[in-house]
Amino acid sequence: MNLETNNLSPGKNLPVLIIDNLSVQVVGIPTTHYVVENISFDVKPGEMLCVVGESGSGKSVTALSVMGLLPRGGLVPSGGAILVDGENVVTASQKRLREMRATRMAMVFQEPMTALNPVVPVGKQIDEVLRVHTNLTKIERREKVLSMLDSVHLPDVKRIYDAYPHQLSGGQRQRIVLSMALILDPKLLIADEPTTALDVTTQKQILFLIRELQEEHNTAVMFITHDFGVVAEIAERIVVMNRGRVVEVGQREDILARPRQAYTRMLVSSVPSLIPKMRQAPMGEIVLDVAALNKTYAEKRIFGSGRTVAAAQDVNLTLRRGEIVGVVGESGSGKSTVARCIVRLVDPTSGAIRIKGLDIAQAGGRKLRPFRRSTQIVFQDPYRSLNPRRRVGDSIAEGLINFGAPREKALAKAVESLRTVGLDPDVMQRYPHQFSGGQRQRICIARALAVEPDILVADEPVSSLDVSVQAQVLKLLEEIRERTGIAVLFITHDLRVAAQICDTIVVMQNGRIVEAGPAETVLTRPQREYTRALIEAAPGRDWDFQNFRPVDANKAPIFSRVTL
């Protein structure tokens with residue numbers, strides 16, 4: 001592709017988006033540093049193009065370049081062209097770019113809360129798009145917004161119109177952002193990891209919605225993701241990126257079943273299988289026994305009593321030494337509430353939490369101190385878990401020092417812990433921002449392991465990581481479990497991850513355990529309709545990614561395929 005003009009008249013066969021030999025460089029570095037270098041691909045009307053690659057591959061930078069949203073003074077296009085509906089956005093003025101956004105091209109980001117104003121009702125935020133770009137009256141705009149909210153299958157649209165972002169669920173917020181992006185029928189929609197943080201059933205609904213709206217309006221969709229399950233479900237063509245370059249482009253079946261490049265093969269084969277591994281039943285001593293655990297939240301009001309929410313109801317589970325128990329379910333099912341009660345970050349309303357036979361459910365203050373050391377937690381976001389102003393070595397040693405260890409001994413233990421998670425001791429003097437997401441998560445695991453706990457609670461520890469990094473962290477947890485005999489309570493909404501690492505799976509819905517048993521039994525012979533619905537909603541369940549082929553129907557779990 002060689003495009004020398006700023007504008008091309010769009011024709012029937014002309015792609016909506018053409019990226020031709022685009023390069024993006026960092027501003028202010030004497031030696032030219034390219035974040036994206038000489039990439040080319042296109043997206044046709046009505047086509048779903050998935051762009052995949054690890055963090056730092058240039059996916060999001062490419063998307064921001066198309067939208068003209070690169071940070072000023074940070075990154076700048078240094079070559080090539082980006083044609084949207086025939087118009088070159090690289091040479092367009094800021095005024096023209098503002099006119100094109102929402103009308104020609106629109107973008108949906110990964111975290112809808114960062115894209116929405118928390119102090120403005122969501123209906124007014126969608127209305128702003130119409131107010132800026134159309135001449136509709138206030139009444140006409142309201143009717144159009146309500147119609148759009150209805151088209152994305154939101155309930156009680158008049159109530160939603162007046163609601164604030166924090167009053168909506170994650171899936172509902174993502175539908176609001178989609179409404180904002182699509183209300184003016186743009187020719188191009190860019191979706192940047194729009195389902196990464198969602199549970200499988202909500203993810204399925206959002207994917208179905210994007211497909212439905214795409215078909216209705218013949219929209220070209222550039223879908224950025226690291227989830228190959230999603231890719232297997234929705235992609236028509238796939239662009240693979242690595243270190244700012246396009247590695248491979250092809251049809252979905254060609255990339256998933258016949259990848260030509262080693263990097264693509266590595267990415268695809270890193271996707272965990274939904275078919276669980278055969279494991280021996282754990283026989284170690286019981287280190288955690290949760291009995292009849294309840295947690296109820298009460299809404300506080302100045303006048304009168306507010307509503308109550310039962311986040312956990314009559315939860316019973318056990319965890320043995322050397323066992324990994326997975327707790328799965330949708331957002332709001334009570335998974336994280338149970339985890340936080342167990343580590344006593346929140347106080348349970350009633351019930352027992354026995355660690356090595358001693359009940360800590362109602363303990364407080366100094367009585368909890370010995371148990372803080374024996375039970376550690378790793379959170380979903382490693383960046384927020386680490387103090388950005390403290391060196392990594394100090395963060396890891398802090399717990400040991402708090403428990404009375406001399407600083408020299410604590411730092412020596414920190415070095416040992418870093419080696420356990422596969423990091424060199426020289427990282428001790430560096431700060432969290434100097435590491436990748438996968439490295440930061442390893443540091444958080446090292447910090448938890450440094451105090452030699454009996455129980456590790458891992459709350460969605462790999463959900464935001466690339467598939468290759470995810471595979472490394474899962475392998476690391478498996479190795480640590482085998483080497484130390486630590487017991488792990490693993491909270492996740494990703495059934496593929498649960499299938500590969502968990503001995504036992506506990507399924508939660510609306511604060512209650514609806515099914516529990518060996519991973520192989522729960523995932524291949526589920527007894528409850530809710531469990532079957534979770535498994536059927538898992539994207540890409542028809543693909544055996546590690547062997548680059550569709551799943552053998554005779555060996556797969558026996559469920560009818562749910563087509564998006």
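Descriptive notes on the structure:
- Screening V120 on (1) assigned to a loop (DSSP other than H, G, I, E, B); (2) at pLDDT 90 or above; (3) crowded, with 18+ Cβ neighbours inside 10 Å; (4) aliphatic (A, V, I, L, M) shows it passes everything except condition (3).
- So L368, is it within 28 Å of the chain's Cα centre (by Cα) and of a type outside the set (V, I, T): no
- Residues considered: G80, G28, G73. Of these, the only one that is at positive phi, out of contact with any helix residue (DSSP H, G or I) (no Cβ under 7 Å at 6 or more places or on another chain) and either modelled with pLDDT of 90 or more or part of a strand (DSSP E or B) (or both) is G80.
- Where V462 falls short, out of the listed (1) touching a strand residue (DSSP E or B) at 6+ places or on another chain (Cβ under 9 Å); (2) touching a residue at least 24 places away in the same chain (Cβ under 8 Å); (3) buried (at least 20 other Cβ atoms within 10 Å of the Cβ): (1)
- Any hit, the stretch 357-366, residues being in contact with a helix residue (DSSP H, G or I) (Cβ under 6 Å, 6 or more places away or on another chain), crowded, with 16+ Cβ neighbours inside 10 Å and within 28 Å of T195 (Cα to Cα): no
- A197 being assigned to a strand (DSSP E or B), modelled with pLDDT under 95 and either under 26 Å from G79 (Cα atoms) or within 22 Å of the chain's Cα centre (by Cα) (or both): no
- Residues of the stretch 354-392 classified as over 30 Å from R440 (Cα atoms) and β-branched (V, I, T), total: 1
- Scope the stretch 226-266; condition touching a Cys at 6+ places or on another chain (Cβ under 6 Å) and farther than 14 Å from V43 by Cα; matching residues: V231
- Among the residues making up the stretch 62-82, those that are in contact (Cβ under 8 Å) with a residue 60 or more places away in the chain and of a type in the set (A, V, I, L, M) are A63, V66, M67, A81, I82.
- Hey, L146 within 21 Å of M105 (Cβ to Cβ) and modelled with pLDDT of 90 or more or not: no
- Failed item, numbered, when D552 is tested on (1) part of a loop (DSSP other than H, G, I, E, B); (2) modelled with pLDDT of 90 or more: (2)
- Of the residues making up the stretch 198-217, not a single one is closer than 22 Å to V43 by Cα, in contact with a strand residue (DSSP E or B) (Cβ under 7 Å, 6 or more places away or on another chain), of a type outside the set (A, V, I, L, M) and buried (at least 23 other Cβ atoms within 10 Å of the Cβ).
- Among the residues of the stretch 48-67, those identified as over 17 Å from the mean Cα position of the chain (by Cα) and part of a helix (DSSP H, G or I) are V61, T62, A63, L64, S65, V66, M67.
- Residue match in the stretch 213-222 (condition: within 20 Å of the chain's Cα centre (by Cα) and without any contact (Cβ under 8 Å) to a residue 60 or more places away in the chain): no
- Lone unmet requirement of (1) assigned by TED's automatic domain parsing to the domain that holds V338; (2) buried (at least 19 other Cβ atoms within 10 Å of the Cβ) for W543: (1)
- Which numbered condition R372 misses (of (1) crowded, with 18+ Cβ neighbours inside 10 Å; (2) of a type outside the set (F, W, Y); (3) modelled with pLDDT under 90): (1)
Residues checked against (1) within 23 Å of H217 (Cα to Cα); (2) under 29 Å from the mean Cα position of the chain (by Cα); (3) surrounded by fewer than 18 Cβ atoms within 10 Å (Cβ to Cβ):
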| site | (1), (2), (3) |
| --- | --- |
| R96 | no, no, yes |
| E111 | no, yes, yes |
| L116 | no, yes, no |
| V129 | yes, yes, no |
| N135 | yes, no, yes |
| E140 | yes, no, yes |
| E143 | yes, no, yes |
| V152 | yes, yes, no |
| I160 | no, yes, no |
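- Any hit, the stretch 252-273, residues being among the hydrophobic types (A, V, I, L, M, F, W, C) and in a loop (DSSP other than H, G, I, E, B): yes
- Of all residues in the stretch 415-456, those being free of Cβ contacts under 8 Å to residues at least 60 places away in the same chain, among the polar types (S, T, N, Q) and under 14 Å from Y383 (Cβ atoms) number 2.
- The single residue among F228, F223 that is within 26 Å of S333 (Cα to Cα) and surrounded by 15 or more Cβ atoms within 10 Å (Cβ to Cβ) turns out to be F228.
The values are calculated or read from the model by the stated rules, or taken from the named source; none is laboratory data. As the structure is a computational prediction, the values presented were derived from the model and not from experiment. In this analysis, Cβ positions are derived from the backbone assuming ideal geometry, glycine residues included, and neighbour counts consider all displayed protein chains.
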